[in-house]
Amino acid sequence: MRILIFFIIVFAVGSAQSQNNLPIPCEKAPPQVKALIQSAIETFDANQPARSIQTLRKILETTAPGTMDGLCKAWVYQWLALSYDDLDSLETARKYVIRSLEQDPEIWRVHADSRLKPGLRKTFQDCWNEIETQFLEKRKSWRVAIGPITRAEFSNRFGIAAGIGTSVVRIEELNDAKLFEDLLLYVRAQRMRKNIERLTAGFYGEFSLSLKGSEKPVKILSSGPILSYAYQSGWELGSTFEIARLVIGGGKTRISQTISTKDKKLAFSYANFELYIRKWF
């Protein structure tokens, strides 16, 4: 009986260790994928990189789309690069390095495998530098934003944006909502890092002219935080939240979600946000 209990404990510990060998990027993969990944790791550790490659290819060929996330697929490509590097197929290894980074940059920034040799690590870093350089060279952009104000703008390589907008909802009284009554001309500057595929925070400042019919243009200063997520392709999704609007010289600026002082020279926004899409080029 004791012998039976001993073997059960050994089997349980061995199974737990086997599961712990799974890479973090693939912990949420389907069971059949996990089994193949475990097999690929074991054959590689047994100095059989060719068999590991066969197993990894089987994962990519047989796994249904959507059942394995991008980070796990990036790991599979990273391991293919590792296996081909072990076979001295450097050109093929580089091809899979690029595919790995294209799937998810976090595979290099956070989940670089400890087995990567110095030469392959350099290849990863060189390929990442190329991707980052290509992205950072995209300094101009078009942006369209939807919120209490709908906007369209162009920004130059110095980070200064100029655009036009209009209030989607303009509230004169609580029971009276009016659409597209005014025109907003504005210049905006923003400060934020251009991170690839990471949530990034920043801050913007804006000067605008609010035009409404024959009324005198209202000059406004506004500012607030930005939150965005940019892709390698140059597409960026994000949002801004307006903290305050300062009216220069007086005037009526009551757009939705904005409270003005009695003299209309100062206004605070309490829920004035926008969602936007930007394309860098």
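Please go through the range 82-105 and pick out each residue that is surrounded by 18 or more Cβ atoms within 10 Å (Cβ to Cβ), under 15 Å from Trp128 (Cα atoms) and in contact (Cβ under 8 Å) with a residue 40 or more places away in the chain.
Asp104, Pro105, listed by residue number.
Can you spot a residue in the range 40-50 that is exposed (fewer than 15 other Cβ atoms within 10 Å of the Cβ), assigned to a helix (DSSP H, G or I) and out of contact with any His (no Cβ under 8 Å at 6 or more places or on another chain)?
Among the residues of the range 40-50, at least one is exposed (fewer than 15 other Cβ atoms within 10 Å of the Cβ), assigned to a helix (DSSP H, G or I) and out of contact with any His (no Cβ under 8 Å at 6 or more places or on another chain), which makes the answer yes.
Does Thr55 satisfy being farther than 27 Å from Lys279 by Cα and either outside the structural domain of Arg188 (by TED's automatic domain parsing) or not in a helix (DSSP H, G or I) (or both)?
yes
Considering Ser208, Ser233, Ser214, Ser222, which residue is free of Cβ contacts under 8 Å to residues at least 12 places away in the same chain and under 25 Å from Ala267 (Cα atoms)?
One residue alone meets the criteria, Ser214.
Provide a single number: the residues in the range 194-216 that are loosely packed, with under 15 Cβ neighbours inside 10 Å and modelled with pLDDT under 90.
4
Name the strands (runs of 3 or more DSSP E) wholly inside the range 183-237 in which the number of residues that are farther than 17 Å from Arg151 by Cβ and assigned by TED's automatic domain parsing to the domain that holds Glu153 is 3 or more.
On the way: elements: 183-192, 199-211, 218-230.
Output list reads 199-211, 218-230.
Applying the selection to the range 119-150, what residues are in a strand (DSSP E or B) and modelled with pLDDT of 95 or more? Write out each step before concluding.
Going residue by residue through the range 119-150, those that are in a strand (DSSP E or B) are 141-146, 149-150.
Residues satisfying the conditions are Ser141, Trp142, Arg143, Val144, Ala145.
Can you tell me which of Ser83, Ser100 is under 30 Å from Tyr229 (Cβ atoms) and either assigned to a helix (DSSP H, G or I) or assigned by TED's automatic domain parsing to the domain that holds Arg198 (or both)?
Numbers: Ser83 fails: under 30 Å from Tyr229 (Cβ atoms).
Only one candidate passes the filter, namely Ser100.
I want to confirm something. Restricting to the range 228-252 and keeping residues that are modelled with pLDDT under 95 and among the hydrophobic types (A, V, I, L, M, F, W, C), which single residue is nearest to Glu181 (Cα to Cα)?
So, considering only residues that are modelled with pLDDT under 95 and among the hydrophobic types (A, V, I, L, M, F, W, C), the one nearest to Glu181 (Cα to Cα) is Val247.
Any idea which of (1) of a type outside the set (S, T, N, Q); (2) closer than 22 Å to Phe135 by Cβ; (3) modelled with pLDDT under 80 is the one Glu181 doesn't satisfy?
Every condition holds for Glu181 apart from (2).
The values are calculated or read from the model by the stated rules, or taken from the named source; none is laboratory data. Every value quoted in this text rests on a predicted model; they were computed, and no experiment measured them. Note: ideal-geometry Cβ built from the backbone for every residue, glycine included; neighbour counts use all protein chains shown.
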